[in-house]
1. Can you tell me which condition Asp211 does not meet? The list is (1) in contact with a Leu (Cβ under 8 Å, 6 or more places away or on another chain); (2) within 30 Å of Arg27 (Cα to Cα), and all the others hold.
2. Residue check, Val190 against (1) over 24 Å from Leu309 (Cα atoms); (2) assigned by the TED database to the domain that holds Ser314; (3) β-branched (Val, Ile, Thr), all met but one. Which one?
3. Please find, within region 47-62, the residue that is nearest to Leu165 (Cα to Cα) out of those that are part of a loop (DSSP other than H, G, I, E, B) and open to solvent by less than 10 Å² (accessible area, probe 1.4 Å).
4. Select from region 129-147 the residues that are in a loop (DSSP other than H, G, I, E, B) and open to solvent by 100 Å² or more (accessible area, probe 1.4 Å) and write down the one among them that is farthest from His91 (Cα to Cα).
5. Report, ordered by the first and then the second residue, all pairs with beta carbons closer than 8 Å, sequence separation of six or more or different chains, a first member in region 254-265 that is more than 15 Å from Asp171 (Cβ to Cβ) and assigned by the TED database to the domain that holds Leu307, and a second member that is of a type in the set (Phe, Trp, Tyr) and open to solvent by less than 30 Å² (accessible area, probe 1.4 Å).
6. Being touching a residue at least 60 places away in the same chain (Cβ under 8 Å) and under 30 Å from Ile39 (Cα atoms) narrows it down to one residue among Ile176, Ile188; which is it?
7. Filter region 153-172 down to the residues that are closer than 20 Å to Gln70 by Cα and more than 17 Å from the chain's Cα centre (by Cα), then identify the one that is least open to solvent (accessible area, probe 1.4 Å).
8. Going through region 378-413 one residue at a time, which ones are within 25 Å of Thr30 (Cα to Cα) and assigned to a loop (DSSP other than H, G, I, E, B)?
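The values are calculated or read from the model by the stated rules, or taken from the named source; none is laboratory data. The structure displayed is predicted, hence computed values, not measured ones. Glycine gets a Cβ as well: all are built from the backbone with ideal geometry, and neighbour counts include every protein chain shown. Ligands, DNA and RNA are stripped out before the accessible areas are found, and what is left, the full protein with its side chains, is counted by its heavy atoms. Shrake-Rupley method; radii C 1.70, N 1.55, O 1.52, S 1.80 Å.
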Amino acid sequence: MTAEFTADNVYTLPPADLVLPDRVAGRMYTDPEIFDDEITKIFEKTWIWVAHESELPKAGSFKSTYVGRQPVIVTKDRKGTIHTLLNRCRHRGASVCEQKKGTANGFTCPYHAWSYSLDGRLRGIPYPDGYEGVMEKDGMGLRRLRTEAYGGMIFATFNGDAEPLDAFLGDAKLWIDRFMKQGGGYPIKVLGTHQFKFRGNWKIQLENTTDGYHFPIVHRSWMASVDAETADMMSFMTDPDCTTHDLGNGHSVMQMVPEHSDLDIDDGAEALQARFDPLVAELADQGLDDTAVRKLVRAMHGTGFNLNLFPNVSMSISFFRVLRPISVNETYIEHVALGPDGPPEIVGPVNRGRLRVHEHFQGPFGFGTPDDAEGWDRVQRGAQAAPDMPIMVNRGLKREVTSPEGWPTSHVTDETGMRAAYDKWKEMMSDD
């Protein structure tokens, strides 16, 4: 029998004891002390996604972002090495970069003009005579975070003792490789981003990425707005081949369109959607053969799965969704549109079409994102009530099996992915 949270114990149990095999305590969404522990024990201890390699196309490119609540700058130096630097001057603590992205030769603090190179080294101090015999420049550069990459995905961590990124990603690497095939034979690149905040805890959004159960309910307006072929493609609720896998380390993948899980596998039986006929004709006019055209157009909707990488990024069908915790009841979300990176005459029309698909669902005026955000807001509001009542994550627990790869697996509508994330959460929150 699974233990219950009660009004007497829900506020006295340590955070790690708030996760049970089939439920979690609502207090995990509302307790500011737990949130502060999450920042320290999770976001400052494990690998956090910070950029895609296409966002740093040349030497001097940079992107400013966050690791947990700490501002950082991701840079590419003259040798092509990627660095993640704390966006804090070593002198008096001012930020040295306020631009979202761009190119630079280095960074200069606007307060007292201490200047830093692209790899963070301190280059110059105005009127240095006051520091003679007081301080040496060596060792006073911008603080560097450990930075590693896989498959174009760049991650950083404050934790010098964290396991290598390759080990942390584990079996998720297979799905990252598959996700990157949606370029239709070309690498993928970031096309653009848009951001918003919702009034809820970050874990509510983390759960959503591999929650197939909500899709036809929350997104019925989107389903009604698309052509019959797209609606049929996303009708996965009763398909036994549509599954969710626990990939380990908190990562999970939800396969909604299994036949699109690996876009290199194509038996030719699937007809291209009629809505893309003008694009097919435009690509054919550029001299592409039928196979190349089919490869690009078949990938217009992206892959057939959502990959959740604990704790802050999902590779969701055709875009990245990045979360950043702001407070216990506020979360920043960035949606990153993606498309192939190749000759403009070929990828130009493809990317225009992909942006329209992105806007239709993920965009700020789309059919999907506003509905999701409303659901997340409501969970946060409801979680304020009856903190002894648990949040249930037990769907499919009794029909979960082990796949041939060794992954705990259940139906696409089951809560296997949530249980995977909370297992990792419990592990990290137990580490003192």
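1. Result: Asp211 fails condition (1) only.
2. That leaves (1) as the condition not met.
3. Going through region 47-62, the residues part of a loop (DSSP other than H, G, I, E, B) turn out to be 47, 56-60.
Subsequent filtering for residues that are open to solvent by less than 10 Å² (accessible area, probe 1.4 Å) retains 47, 56, 60.
Details: Trp47: 7, Leu56: 20, Gly60: 25 Å.
Selected residue: Trp47.
4. Here is the first cut: in region 129-147, the ones in a loop (DSSP other than H, G, I, E, B) are 132-143.
Then keep just the ones that are open to solvent by 100 Å² or more (accessible area, probe 1.4 Å); that gives 132, 134, 136, 138, 143.
On the way: Glu132: 15, Val134: 13, Glu136: 13, Asp138: 13, Arg143: 12 Å.
Ranking the candidates gives Glu132 first.
5. Every condition considered, the pairs that remain are Met256/Phe215; Met256/Phe236; Met256/Phe305; Val257/Phe236; Val257/Phe305; His260/Phe305.
6. Working: Ile188 fails: under 30 Å from Ile39 (Cα atoms).
Among Ile176, Ile188, only Ile176 is touching a residue at least 60 places away in the same chain (Cβ under 8 Å) and under 30 Å from Ile39 (Cα atoms).
7. Looking at residues that are closer than 20 Å to Gln70 by Cα and more than 17 Å from the chain's Cα centre (by Cα), I get Ala162.
8. Taking region 378-413 as the starting set, the residues that turn out to be within 25 Å of Thr30 (Cα to Cα) are 378-395.
Hits for region 378-413 are Gln384, Ala385, Ala386, Pro387, Asp388, Met389, Val393, Asn394, Arg395.
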